[in-house]
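Coordinate-derived values only; no laboratory data. Just so it is clear, the structure is predicted and the values come from calculations on it, not from any experiment. Methodologically, a virtual Cβ is constructed for each residue, glycine included, from the backbone with ideal geometry; neighbour enumeration extends over all protein chains shown.
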Amino acid sequence: MKEICPHKKCTGCLACYNACSNNAITLRQDDCGFIYPEISLSQCVNCGKCFKVCPVNNIKDFYYPKKCFAATVKDEKDLCSCASGGVASELSRWIISNGGIVYGCSGTDIRRVRHIRIDRLSDIDLLKGSKYVQSAIADLYRHVRLDLKNDKLVLFIGTPCYIDALKSFLSYKDYPNLLTADIVCHGVPSQKMLNENIAYYTNDKDGIKVDFRKKEKFLSKRDAIYRISFGWFLKTIHTRKAIEKSYTKDPYMYGFLKCLTFRRSCYTCRYAQISRCADFTLCDFWGLGKDAGFTNGKGVSCVLVNTPKAMTTWKEVSKSLNYQEREVIEALRGNGQLQAPSRMHAKYEKFLMLYPNVGLKKAVYICTRRDRVKELINGLNKSMKNLLKLITRK
Ligand SMILES: Cc1cc2nc3c(=O)[nH]c(=O)nc-3n(C[C@H](O)[C@H](O)[C@H](O)COP(=O)(O)OP(=O)(O)OC[C@H]3O[C@@H](n4cnc5c(N)ncnc54)[C@H](O)[C@@H]3O)c2cc1C
Ligand code: SF4
Ligand code: SF4
Ligand code: SF4
């Protein structure tokens, strides 16, 4: 079997699949549910396009950010419905308002999370929120190319490996009508794992909605303050059942946040650095100084503006945002994912062996025993310290 790139480095970006004009590449799901391309030797004419287009075989220079901003959308309700500060949605709104097309990840059918093409303002809601799973891309790069050739303004939002794949598929030609925005990403589990987790909670085949983070309101001494919680938030649409689990109580989210369940390539991700492959980079502004004044806890986007094209667009888009310029170094210091790839969990290999045989819940449980013991001890220590503080105050 011919390999397009080393198996352990394959991100599943599907640049190769999109580039093959002989339909000689099929997609195979491995035991953990990750998709890999496979060349069908009977159909392959050895043209070499797939090898040439594969970003793993094709290393390009990235851009060091020109500017960095902390930003949120102005409308509070809108802000609460977005993953972070809502800049991805605002960029999408600007593009569509200017007659353009947006490609992004939709979790409306959470059992089949995938990239879609939208051209109506009312469809922006379909893309909102972070879906912590690998998004299916299918043959969408071909559609992007067609839109670009038809002189449409296009915004493509995705994980950096998908942005690099799209650019490579377009032969790194600088289309003036293409804008890209990469979402800082620390790794992706598979759709198979996600579907298995859903089945632990519901058989409702009709409508369900799953969120992986939630902006929760709590009351401080004076005001209502929000905080972002990571967890498993499932709603069945017809029966109106709501299931809420903190990340420690849900196997999918626990495995995700412990870096146990990712695709292998994520642990050596070459996009996990401050130099970026997209025009814009969007992430949470962890570590943002209090002097920036974004203190309501509803999430703040960090926007890295990486290219002159992005700078021109930012001047327009920022008019409808609350924003403040910050130092690139502040973003870098606060966000480990802008420094290095996620560290592989010590039990990763064991997880890969166990999961296909015993299922997600059991495999995560077995492989994270040490983490849970550690967390229990830390929790006890914290409670003891608080108790001591209380006693000494009296
Ligand atoms: C798998 C994953 C891991 C992440 N890890 C980190 C991290 O470690 N550190 C950090 O700072 N930020 C991380 N993020 C990014 C962060 O959670 C927000 O998605 C980002 O800041 C955009 O927020 P927003 O409010 O502008 O998005 P919104 O306005 O809510 O729009 C969400 C945008 O995200 C895109 N999107 C959602 N899910 C996916 C997906 N699975 N694949 C590709 N695109 C997707 C949609 O196309 C949409 O445009 C991660 C996101 C994902 C999906
Ligand atoms: S070598 Fe050419 S024909 Fe064969 S799989 Fe790759 S792109 Fe397709
Ligand atoms: S182009 Fe993408 S999917 Fe194809 S082999 Fe390379 S990394 Fe894997
Ligand atoms: S961690 Fe890197 S390789 Fe993995 S999905 Fe994210 S960008 Fe792609």
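Working note: Cα atoms of segment 58-213, range along each principal axis, descending, whole Å: 46, 38, 30.
By definition, a body whose alpha carbon gyration tensor gives a ≥ b ≥ c is prolate when a/c is 1.5 or more and a/b is larger than b/c, and segment 1-117 fits this prolate description.
In angstrom, the C-alpha Rg and Dmax of segment 7-57 are 10.7, 31.
Compactness ratio for the chain: Cα radius of gyration over 2.2 N^0.38 Å (N = residue count) comes to 1.02. For segment 7-57, a crude dipole built from +1 on the beta carbon of Lys and Arg and -1 on the beta carbon of Asp and Glu, taken about the Cα centre, is about 220 debye to the nearest 20. Note: relative contact order over the chain, using C-alpha pairs below 8 Å and six or more positions apart, is 21 percent. Other residues within the sphere of radius under 15 Å centred on the Cβ of LEU304, judged by their own Cβ, net out at 0 (K and R +1, D and E -1). Note: relative contact order over segment 243-394, using C-alpha pairs below 8 Å and six or more positions apart, is 30 percent.
As an exercise, use a Förster radius of 45 Å and the Cβ-Cβ distance of ILE243 and ASP151 to find the FRET efficiency, rounded to the nearest 0.05.
Values: r = 47 Å, r/R0 = 1.04.
The computed FRET efficiency comes out at 0.45.
Here the 3J(HN,Hα) profile of segment 124-134, calculated from phi with Karplus coefficients 6.51, -1.76 and 1.60 at θ = phi - 60°, is 4, 4, 5, 9, 5, x, 8, 9, 7, 6, 6 Hz, Gly and Pro shown as x. Descending by average beta-carbon neighbour count within 10 Å, the peptides 88-98, 158-168, 227-237 line up as 158-168, 88-98, 227-237, the highest first. When each of the peptides 313-322, 252-261, 175-184 is scored by how many other beta carbons lie within 10 Å of its residues on average, the order from highest to lowest is 252-261, 175-184, 313-322.
Here the calculated FRET efficiency for ASP204 and SER229, from their Cβ-Cβ distance with R0 = 30 Å, stands at 0.80, rounded to the nearest 0.05.
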